[in-house]
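Laboratory data are not the source of any read-out in this text; all were calculated from the coordinates shown. Not measured: the values here are computed from a predicted model. Here the Cβ positions follow ideal geometry from the backbone for every residue, glycine too, while neighbour counts run over all protein chains shown.
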Amino acid sequence: MAVWIQAQQLQGDALHQMQSLYGQHFPIEVRHYLSQWLEGQLWDVIDLENPQEEFKAKRLLDSLIQELQNKAEHQVGEDGFLLKIKLGHYASQLKSTYDRCPLELVRCIKHILYTEQRLVREASNSSSPVGGMMDSMSQKYQQINQVFEELRLLTQDTENDLRKLQHNQEYFIIQYQESLRIQAQLTSLATLPPADRQLREPTLLSKRATVEAWLTREANTLQKYRLDLAEKHQKSLQLLRKQQTIILDDELIHWKRRQQLAGNGGPPEGGLDILQSWCEKLAETIWQNRQQIRRAEHLRQQLPIPGPIEELLNDLNSTITDIISALVTSTFIIEKQPPQVLKTQTKFVATVRLLVGGKLNVHMNPPQVKATIISEQQAKALLKNENTRNDSSGEILNNNCVMEYHQATGTLSANFRNMSLKRIKRSDRRGAESVTEEKFTILFESQFSVGGNELVFQVKTLSLPVVVIVHGSQDNNATATVLWDNAFAEPGRVPFIVPDKVLWPQLCEALNMKYKAEVQSNRGLSEENLVFLAQKAFSSSSINPDDYRGMTMTWSQFNRESLPGRNFTFWQWFDGVMELTKKHLKPHWNDGAILGFVNKQQAQDMLMSKPNGTFLLRFSDSEIGGITIAWVAENPNKPGERMVWNLMPYTAKDFSIRSLADRISDLNHLLFLYPDRPKDEVFSKYYTPPLSKAVDGYVKPQIKQVVPE
């Protein structure tokens, strides 16, 4: 129940964010209406990576504005009159905010709808591992929020102490001025007659002694106040550093890891809204403490009192500067990564974001971000702070972009929409390494000023590794390099080191993730499929699940060495299967009609126990991106005996002429899909209907497949 309540709260946050898109809080009936309308639109058909989709986004924006205006026109009565005004205002707000950037609206709404759906789905299944994970996340978030509350109270406490210190110091200075006045009076007594001096001197001496005694005591008290305040600031900074470590070194690193796995087809990395809210709270608290420390230093300069406080304040100032520097430099991140397989002369996009930009008012002097492509060796040198003379490994067009502050979402980001890699400069390759194994990265760098140029930060961030290709034929091998890197890279590695050898089950997890994403199917690779793949990868038909769980596979076995008796690698074969399934066989794979990962001998063993005309579909062993039909029938050369026949594999080229379902329909000797399903029951919904009428006076001929007797 607690999980469900939290999901509802988070969903409420998402709805609140949707309201903030329009800069207003919706009345409940408007919110309900808009939620229904938004969920009913085809937001998912818009590809945010394609700037040409802006026309579709603009059409949806105009449609939403029109809906609001129509809704406003139908309001009646006194309450309706107020709602009519508000709806008209929302329509105007939408138009003024998003008319020039309608894709931003789509981006926000897609994220909100995804978040709401995910939260409700996970909360309603709280007994599952996902629900357990959500409980764990809830506890973690609660702990982080508790620490923020503790920091708020500590900061408020030091603020109160600082005011008290300032008040006491001001009173001390007044009394100190009084002591100087008394001393001046005593000095002036020398000009008076002895009788007058004797009359006034004792009183003044007594007053001076009293004031000096008070000043001595108060100086000690002020010193103690200063030391106590410094100790409290030390405690605050320790807690701040610990909280910042959790957020930056745990949560933000986990987000980046999810982003990397998403490149292999993993689940979306999730929005940055919670992370940004935490980083902004950190920035706000750090800045408040920094200002307090600076005020304490100013008070010390106004009234220097010998003691250790000067060194303490210097240490505090140095520490708080280090903390804010780490925060700013770590929160300059790549929200949308450039494509990891990057083709020259092809347009690509990327988005960088500063998670603390709004709170530190960086946008008041909008910084410019520059993108440069550098090699793996240059990235290593950069992280070691070695002088790389700002060399690049290529030329990127349109590689400068000014960061913009988006009032509706509270984000500061630079959206590179039209970058293109004009040329690439490759390094000398090692051994058997090919051009598709060479890794580059996009370096994004900028300069931020904080607090009216009080602090200036040089910030840099590296994209995930990219492999540069010049022709589409290199895409297959480049994708292998990216998949291996995304799957097995460890946080904090030296660029871009990955293990040369991994456990087979780890590779299976990566292959399954990639396959499901490419085929866009919930049907992943089964245990039997993975056994088949292991047998293929290790060239052994005797491998069983218990054997391969402890086996390892090297990069060379994966995509450098050809399979025995073939002219292609394991990955090239597997990628061909994915491409064929994605483009031509997706519905049949989702229906379970394709066994696919079965070798010729297994197919024969399975079919020989079935009636004649039973068939199955398996991926070709001998050809990349091929699928064949195996069926059992009589052996014409030996009456009374049966045998398994195999059609020559079909490829994508074949299916562009005639679909798999139609080809199966053509072959009358195929009767039952293994194990015993009538073929029409499985495939008839995919058959192409025959043309019954002539078109423009012509009868269109039809292609039909036949198998020679």
Once phi is turned into θ = phi - 60°, what whole-Hz ³J(HN,Hα) does the Karplus curve with 6.51, -1.76 and 1.60 give for every residue of region 216-231, x standing for Gly and Pro? 5, 4, 5, 4, 5, 5, 4, 4, 5, 4, 5, 5, 4, 5, 5, 5
Dividing the mean separation of Cα pairs under 8 Å (6+ apart) by the residue count of region 331-498 yields a relative contact order in percent of 28 percent
Beyond 14 Å, what share of the Cα-Cα pairs of region 563-604 is found? Please give it as a whole percent. 59 percent
Projecting the Cα atoms of W645, L667, S656 onto the charge dipole of region 644-709, where Lys and Arg contribute +1 and Asp and Glu -1 at Cβ, the residue farthest towards the positive end is S656
Taking the Cα centre of the chain as origin, work out the dipole magnitude from +1 charges on Lys and Arg Cβ and -1 charges on Asp and Glu Cβ, in debye rounded to 20. 940 debye
Net length gained if the chain between V470 and D428 were fully extended (0.36 nm per residue, minus Cα distance): 13.4 nm
Amide H to amide H, which residues 5 or more places from L455 or on other chains are under 5 Å from it, using H placed in the peptide plane? V450
Neighbourhood net charge (11 Å Cβ-Cβ; Lys/Arg +1, Asp/Glu -1) for P491: 0
So how far, in whole Å, is the C-alpha centre of region 518-578 from the one of region 460-502? 20 Å
Which percent of Cα pairs goes in each bin when the distances of region 505-686 are cut into 5 angstrom slices starting at zero? 1, 8, 16, 20, 20, 16, 11, 6, 3, 0
Quick one: Karplus J couplings for region 268-275, per residue in order, coefficients 6.51, -1.76, 1.60, θ = phi - 60°, nearest Hz, x for Gly and Pro? x, 5, x, x, 9, 4, 5, 4
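Based on the Cα atoms of the chain, what semi-axes does the equivalent ellipsoid have, where each is the square root of 5 times one gyration tensor eigenvalue, given in whole Å with the largest first? Don't skip to the answer; put the middle values down first.
Working: eigenvalues 968, 204, 113 Å².
With the √(5λ) rule applied to the chain, the semi-axes are 70, 32, 24 Å.
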So how far apart, in nm, are the two label points at R152 and A694 if each is 7 Å from Cα heading toward Cβ? 8.2 nm
Total formal charge among the other residues, if their Cβ is under 10 angstrom from that of D621, Lys/Arg +1 and Asp/Glu -1: +3
How many angstrom separate the Cα center of region 282-305 from the Cα center of region 149-198? 21 Å
Amide H within-cut-off set for T569, under 5 Å, with H built and near neighbours excluded: L563
Rounded to the nearest 10 degrees, the helix 102-123 long axis (Cα) sits at an angle to the longest Cα principal axis of the chain of 80 degrees
Looking at S330, T155, I469, which one has the Cα that reaches farthest to the positive end of the dipole of the chain (charges on Cβ: Lys, Arg +1; Asp, Glu -1)? I469
Under the 7 Å Cα-to-Cβ spin-label approximation, R523 and T203 lie apart by a distance in nanometres of 10.8 nm
What is the extension gain from I703 to Q291, computed as 0.36 nm multiplied by their sequence separation minus the C-alpha to C-alpha distance, in nm to one decimal? 140.3 nm
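In this model, which of K58/K281; K140/K460; K256/K582; K232/K384 are farther than 31 Å apart at the alpha-carbon? Write out the running numbers ahead of the final one.
Values: K58/K281 35 Å; K140/K460 29 Å; K256/K582 28 Å; K232/K384 35 Å.
Result: K58/K281; K232/K384 exceed 31 Å.
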Applying the Karplus parametrisation 6.51 cos²θ - 1.76 cosθ + 1.60 with θ = phi - 60° to the phi angles of region 480-491, what ³J(HN,Hα) value in whole Hz is obtained for each residue in order, glycine and proline being reported as x? 4, 4, 5, 4, 4, 5, 4, 6, 10, 5, 10, x
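Only Cα pairs under 8 Å and at least 6 apart count here; give the relative contact order of region 435-498 as a rounded whole percent. Working shown, then result.
Working: 79 pairs, mean separation 20.5, N = 64.
Dividing the mean separation by the residue count of region 435-498 yields 32 percent.
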Take the Cβ-Cβ distance between V402 and Q175 as r, set R0 to 60 Å, and report the resulting FRET efficiency rounded to the nearest 0.05. 0.60
